[in-house]
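Here's the structure we're looking at; comments come further down.
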Amino acid sequence: FTAMLALPLALSSAPLELPDPTPTTTCPVCGMFVAKYPAWVATVRYRDGHADHFDGAKDLFKYLLDLSKWAPGHRAEEIAQIGVTEYYGLRRIDAREAFYVIGSDVLGPMGHELIPLETAADATEFLQDHTGSAILRFDQISLELLRNLDKGIFEGDQR
């Protein structure tokens, strides 16, 4: 079983205006304090203003791919913005527009991570500089891929 995301595409790749996590904000997936890892913050903001923050793109995608588990009472249609912190510029960009490198030598707070990059050129450079194994787009990320990342498995085609 491979769940894939089907959320509306973004209209712009401008930096996102999203709330920051507070010092006591915890990731709904793993329970870690998010503000301790500002270079990894990811955020889902709902139309009603509610926001959930994550300590990396991997937990963000676990949340998005199983909303009924991690966000009971919320639906994908209610999401206004999804942001990830871009690796080089350290600013939050639209997660749906980002390029994600897997299998690199850069680890996040939860180990092997999806490294968000703003452009294809940045992703290619990062992949080469950090021995990554693949560049993926938003709709190519599945629960199976995330489970494999947790195990340190990322060789081959993961789509």
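Observations on the structure shown:
- Residues in the range 107-129 that are of a type in the set (A, V, I, L, M) and surrounded by fewer than 15 Cβ atoms within 10 Å (Cβ to Cβ): Leu107, Ala120, Ala121.
- When each of Arg137, Arg147 is tested for being among the basic types (Lys, Arg) and either more than 12 Å from the chain's Cα centre (by Cα) or crowded, with 21+ Cβ neighbours inside 10 Å (or both), the lone residue that passes is Arg147.
- Residues satisfying the stated conditions in the range 92-102, i.e. over 16 Å from Phe54 (Cβ atoms) and open to solvent by 10 Å² or more (accessible area, probe 1.4 Å): Glu97, Phe99
- Residue ID - most open to solvent (accessible area, probe 1.4 Å), chosen from residues in the range 32-84 that are among the small types (Gly, Ala, Ser) and touching an Asp or Glu at 6+ places or on another chain (Cβ under 8 Å): Ala35
Yes or no, residue by residue, for (1) in contact with a Cys (Cβ under 9 Å, 6 or more places away or on another chain); (2) farther than 18 Å from Phe154 by Cα:
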position	(1), (2)
Lys62	yes, no
Lys69	no, yes
Leu90	no, yes
Ile93	no, yes
Arg96	no, yes
Ser104	no, no
Leu107	no, no
Met110	yes, no
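- Note on the range 102-155: residues that are touching a residue at least 60 places away in the same chain (Cβ under 8 Å), outside any helix (DSSP H, G or I), over 20 Å from Ala39 (Cα atoms) and not hydroxyl-bearing (Ser, Thr, Tyr) amount to 1.
The values are calculated or read from the model by the stated rules, or taken from the named source; none is laboratory data. Predicted model, so just to flag it, every value in this text is computed and none were measured. Neighbour counts run over all protein chains shown; Cβ positions are idealised from the backbone, glycine included. Heavy atoms of the whole protein, side chains included, go into the accessibility calculation; ligands, DNA and RNA do not. Shrake-Rupley method; radii C 1.70, N 1.55, O 1.52, S 1.80 Å.
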